[in-house]
Amino acid sequence: MQKNDLLEKDRDLFYSIEHTGPAFYWMVGLLMTILAFALFTYIIQIKFGLGITGLAQPISWGFYIVNFVFFIGISHAGTLISAILRLSKAEWRRPITRMAEVITAIVLAIGGLHPIIDQGQPERILHLVTSGRLQSPLLWDVTSITAYFAASTVYLYLPLIPDIAILRDRGTKPRWLYQFLSWGWQGTERQKKILERAINILMVMVIPIAVSVHTVISYIFAMTIQPGWHSTIFGPYFVAGAIFSGIAALLIVMIAFRKVYHLERYLKEIHFKYLSTLLLIMSLIWFYFTFSEYLTTFYGHEPDEMKVFFYKFTGDFSPYFWIMVICNFIIPVGILSNSKTRNITGIFIASVCVLIGMWLERLIIVVPSLANPRLEYPTGIYIPTLTEWALFAGGVAVFILGFLIFAKYFPLISIWEIEEGRETSISEVAHRLSSYLPDDVEQDEIKKILK
Amino acid sequence: MARWGMVIDLNKCTGCAECVTACKVENNVAVVGKDESEMGRTMLWMDILTHYEGEYPNTKVRYLPRPCLQCDNPPCTKVCPVRATYLDPEGIVAQIFPQCIGCRYCMAACPYTVKSFNWYEPHWPQEMAAALNPDVSARPAGVVEKCTFCVHRLQKAKEQADSENRELQDNEYIPACAEDCPTQAISFGDLDSPHSEVSELIRSPRIFTLLEELGTEPKVYYLSEIE
Amino acid sequence: MEKKSIFILQIASIVYIWIFVIAVDVWILSLLNVAKKLNDAINASVAIGILAIPLFITIAGILTYVFVGLQKNKV
Amino acid sequence: MKNTIKYLTPVILVIALTGIISGTNQDVRQPISFNHKLHTEEVGLACVDCHSNVEKHSRALIPNIETCGDCHDDAEDENREKAKVGSYVSRNEKIPWIQIHVVPDHAYFSHRRHVTLAKIECQTCHGEVSEMERPFIIPFVELEMSWCINCHEKSKVVNDCNSCHR
């Protein structure tokens, strides 16, 4: 009886799993075509060498490394945000944690492949296994990305178990998949306790791992002595930027899937309001970091640093630099600090701008330092070729594709957590509130008001 | 053990680029076409950097031959993920081509930008392809390469000395650039041996190294120009 | 047939996770060994080993705990 | 489930078969069925009598046709193999031997260093050649880096990458 109730109430959440329209197949087909084209260009790159990219000396890192940093940055949306929200018992987290975690798992896999795409001899990746050196920041990356990927897929999977069990009980096909993945979940008290304990341990563990991942990625640059890279704030700067772009990606995904799968009942204005506040704060933090990074450089006025500085501010890269500032700071702050423009459309525009801006930020960190070597070399400007664009498009296509396929098999919003919210959150919040307030306020009173 | 080093006298250097050519031939450095070269993919282990001073008509051009500086504290070897580049016991920064995975991290880390990358499979004009140096391997596409102080010459000289049952002598091992320089601007030898030419030259007041402030301790020294 | 093969799949996935985790740990240890042999960057390897090895084991441990716990506590 | 296995079996079989086929050595046919045993035992030649480069150069090289010509010049010999040598000699043409012990392009191995300076027996790397009645068609040892390194470690000689790879 109760179960039927639940299914009736939450039937919107099963919609994407049980109804597959032609639009889904068209979309998958389109993404597959893009992916196939990307694969094709990659095969050509393997055959002829990295010469078919726009890279040269001294600009030997380009799009691939930029996208690597960018995609790994987005991955911070998920697990980090969901872990922090869970840890702080924010009640509004319930409908958004799942999406955030899915972003992490997919994007991390895409980002992790980029250094291999960038390699001149991809089959020699095995040399990392046989004779790697843990002294190199690249190996720190390998270790911490592997750890983050393992932890975040587990962290995505564990809260999914009760939902998989619901699907299994509904008889959704393929049945064996849900039977296999649900591990005999029946929702008994003891099972709930085990799962809760595991999730609690993981969410505490995942936060330092997530922070370490982007710190270590910044170290790839910061550990060298190159002007513009050798900076002590790079670790926190990259982490802040990563969370910033992650929230923007999460907002875009939420808005898109809310529209496509009609999830308005679950993803309400308030969720966007809270998340966009977070985005606004991150935008300010990002500006603060950027400001202190460039002010120290400018004030120090070291000639080699200044070459890179002016390359960004007034030189060849100035259009990108100022677009970045507009996209990352002026537009989001402008839109989000005004309650009139802070509606779903406004938030969507701000988020897209932030993603563009953060991608440009990665480009601005990687390329100008390489384009201005200390000694006098003639340097050209880096112009990416079709290969690099195709592989970028391929990465984005895999991201959307991964999301669509996930949504085809699993609920994008945690059903059991919503249900749990219905059952327990009112009394829990009442209890929490009463513990904040002076003792003379009765708990029952708060409960009454909340109801 | 010897510590190999080089001293380049900028006062004697005319910028004739004989060292560049000698190096290219000795080490089978690939030849790239015009288009590639314009993109910045020229491969040179020994390069000559030019620096223009003053306004026309009182301009002055300065030349700076630049091999790999063979730092004693190399920023490139620290970051290599697979030990394809490392400081060998005689102070030469080795570059092991069959081990290199082509991540180009060492290129990004080198403050002197001495490394080049094989963007394509290397090729030579037909006439040159028949005359490659058999002592140096042709690098495949996708690996980083740089000046090795002609380390194959060191191996050969050592073997010759060993088979004649004697120590390696001064001037027995000399890289191609030093050997071919028409003005003898490049001297080469053991920095640790007190009587070698280079160890006498580095006591000169004109001596300096490139980007000294970085603490990379290069073993390629320069003698500044006398005005 | 169905139930049994799914159970086998589940056991296999636990085994697979452990193989993965142990492989990562063995990899780090072998790199330590290589570093020792080539006299190169041992401290970095030790530092990373101390952090990463228990981390991976904990992740696999949590998963195993959940899997075994859920199976055991079926009604 | 059963169906999956049914479809998977041929795939696995094909993969296994290609593995076996590619693993077996291809048929190598040397131009002449050279008999090392005969030359060392009956004629009494030492290895370096013909492979004269071994002690003096880094590259061993196959003996050139003049070396063969010192003894063989009869192109009409009743022994077919001898006649073949004779005909190569009379035409002063290289015998198209197929090199079996190949060191890859990026590795440098010096025979002089190993034979003359380190006094390593030929047999250590090439086996009991004087017992062989046919020419090499497979190498005595797989020339892999681990094999080199093992010996270098055992005999405590230089183990630097730079001394072999350039």
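Counting only the Cα atoms, the range A:2-413 fills a convex hull of 157 Å³ per residue. Close Lys pairs in the range B:4-223 (alpha-carbon distance under 20 Å; sequence gap of 8 or more, or different chains): 14. Taking all protein chains together and rolling a 1.4 Å probe, A:Glu420 ends up with roughly 60 Å² accessible. Below 14 angstrom from the Cβ of B:Ala131, what's the summed charge of the other residues (Lys, Arg +1; Asp, Glu -1)? Local net charge: -2. When you filter the trypsin sites (Lys or Arg not before Pro) in the range B:102-174 for DSSP loop state and at most 15 other Cβ atoms inside 10 Å of their Cβ, you are left with B:Arg166. Only alpha carbons enter this Debye calculation for the range A:308-451, each as an equal point scatterer, and the log10 of I(q)/I(0) it gives at q = 0.15 Å⁻¹ is -0.99.
Based on every Cα atom in the range A:1-110, Rg and the maximum pairwise Cα distance Dmax equal 20.7, 70 Å. With a Förster radius of 25 Å applied to the C-beta separation of D:Leu143 and D:Ile32, the computed FRET efficiency comes to 0.60. Count Lys and Arg as plus one, Asp and Glu as minus one, and take only other residues whose Cβ is under 11 Å from that of B:Arg104; the net charge is then 0. Highest-first packing order for the peptide set A:237-243, C:31-37 is A:237-243, C:31-37, based on the mean count of other beta carbon atoms within 10 Å. Taking label positions 7 Å along the Cα-Cβ direction at both A:Tyr299 and C:Ile8, the computed distance is 6.9 nm, reported to one decimal. Please report the accessible area of A:Leu360 (heavy atoms, 1.4 Å probe, ligands and nucleic acids excluded) in Å², nearest 10. We get 20 Å² for A:Leu360.
With the cut-off at under 12 Å, measuring from each backbone N in the range B:1-41 to a point 7 Å along the Cα-to-Cβ line of B:Ser193 picks out B:1-5. Return the tail of the calculated pair distribution for the range B:88-217, meaning the percent of Cα-Cα pairs more than 18 Å apart. Here the long-distance tail beyond 18 Å is 67 percent of all Cα pairs in the range B:88-217. Only lysines eight or more places from A:Lys89 in sequence, or on another chain, were considered; those with a Cα closer than 22 Å are A:Lys192, A:Lys193, A:Lys268, A:Lys273, A:Lys447, A:Lys448, A:Lys451.
Here A:Ile270 and A:Val325 are evaluated by their C-beta separation; at R0 = 30 Å the FRET efficiency comes out at 0.50. For chain A, the 222 nm mean residue ellipticity estimated from helices alone, with every DSSP H stretch of n ≥ 4 adding -39500 (n - 2.57) and the total spread over all residues, rounds to -24000 deg cm²/dmol.
Each label was represented as a point 7 Å from its Cα along the Cα-to-Cβ direction; for B:Ile207 and C:Leu51 these points are 4.1 nm apart. Convert 4 °C to kelvin, take the viscosity as 1.567 mPa s, use the Kirkwood radius over C-alpha pairs of the range A:339-407 as Rh, and evaluate the Stokes-Einstein diffusion coefficient in µm²/s, rounded to a whole number. This corresponds to a translational diffusion coefficient of 84 µm²/s.
Note on A:Glu417: accessible area is roughly 0 Å² with a 1.4 Å probe, heavy atoms of protein only.
Considering lysine pairs in chain C that are 8 or more places apart or on different chains, how many have Cα atoms under 17 Å apart? Lysine pair count for chain C: 4. Directionally averaged projected area (the range B:23-134, Cα convex hull): 9.7 nm². Over all directions, the projected convex hull of the C-alpha atoms in the range B:172-215 averages 4.2 nm² in area.
Computed from Cα atoms alone, the Kirkwood hydrodynamic radius reported for the range A:31-84 is 13.6 Å. Considering the range B:4-223 at the alpha-carbon level, its Rg and Dmax are found to be 17.6, 60 Å. For the range A:226-305 and the range B:57-115, what is the separation of their C-alpha centers, rounded to whole Å? With the range A:226-305 and the range B:57-115 each reduced to a Cα centre, they are spaced 36 Å. Would you be so kind as to identify all helices of chain A, as entire DSSP H runs, whose Cα atoms reach 18 Å or more along the helix's own axis and whose mean Kyte-Doolittle hydropathy is at least 1.0? The answer, listed by residue number, is A:22-48, A:97-118, A:234-260, A:344-371, A:386-409.
Other residues whose C-beta falls under 11 angstrom from the C-beta of C:Ala44 contribute a net charge of +1, scoring Lys and Arg +1 and Asp and Glu -1. Distance distribution note for chain C: the fraction of Cα pairs above 20 angstrom is 47%. Cα-Cα pairs above 48 Å in the protein assembly as shown: how many percent? The calculated P(r) of the protein assembly as shown puts 38 percent of pairs beyond 48 Å.
For the range A:113-186, taking Cα atoms only, Rg and Dmax work out to 18.9, 52 Å respectively.
Leaving out ligands, DNA and RNA, and with a 1.4 Å probe, what % of the accessible surface on the range A:2-413 is carbon or sulfur? About 70 percent, which is the carbon plus sulfur part of the accessible surface.
A straight line joining the Cα centroids of the range A:118-178 and the range C:3-49 runs 14 Å.
The values are calculated or read from the model by the stated rules, or taken from the named source; none is laboratory data. Just so it is clear, the model here is predicted, and its values are computed rather than measured. Don't worry about glycine lacking a Cβ; one is built from the backbone with ideal geometry, like all the others, and counts go over all protein chains shown. Note: accessible area is taken over every heavy atom of the protein model, side chains too, but ligands, DNA and RNA are not part of it. Shrake-Rupley method; radii C 1.70, N 1.55, O 1.52, S 1.80 Å.
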